[in-house]
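Participant: This structure is in structure tokens; I'll ask about it shortly.
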Amino acid sequence: MTAPLIALEQTESYVAGAYLVFVALLLIYVAIMAAKLQRIQREIRTLAELEEQTGRPSTAGQASRRQSREVEAVRGEARR
């Protein structure tokens, strides 16, 4: 009768280990995405500053309305 109890205890440790591995991988993924988001925000902020200094869009042509709104949104976030 003790054999099923031992097997159950081993199974519980495997399940707990699987959950720990899953949570660790999830945290690593979130950290990578956060780093990527910070890098992209930093690049957008740099482009917005470049546009502000030159007085014109940093692209070869005129910025579209959508791009202008995005730049203004980034400027607003950078001021916070």
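Participant: Looking at T46, T2, which one is surrounded by 10 or more Cβ atoms within 10 Å (Cβ to Cβ) and either modelled with pLDDT of 90 or more or over 14 Å from A78 (Cα atoms) (or both)?
Facilitator: T46
Participant: Return only the number of the condition from (1) surrounded by 10 or more Cβ atoms within 10 Å (Cβ to Cβ); (2) at pLDDT 85 or above that T11 does not satisfy.
Facilitator: The failed condition is (2).
Participant: Here is a list: G76, G17, G55. Which entry is at positive phi and modelled with pLDDT of 75 or more?
Facilitator: The conditions single out G55.
The values are calculated or read from the model by the stated rules, or taken from the named source; none is laboratory data. Here the structure is a predicted model, which is why all the values come from computation and not from measurement. A quick note on method: Cβ atoms are made from the backbone with ideal geometry, for glycine too, and the neighbour counts reach across all protein chains shown.
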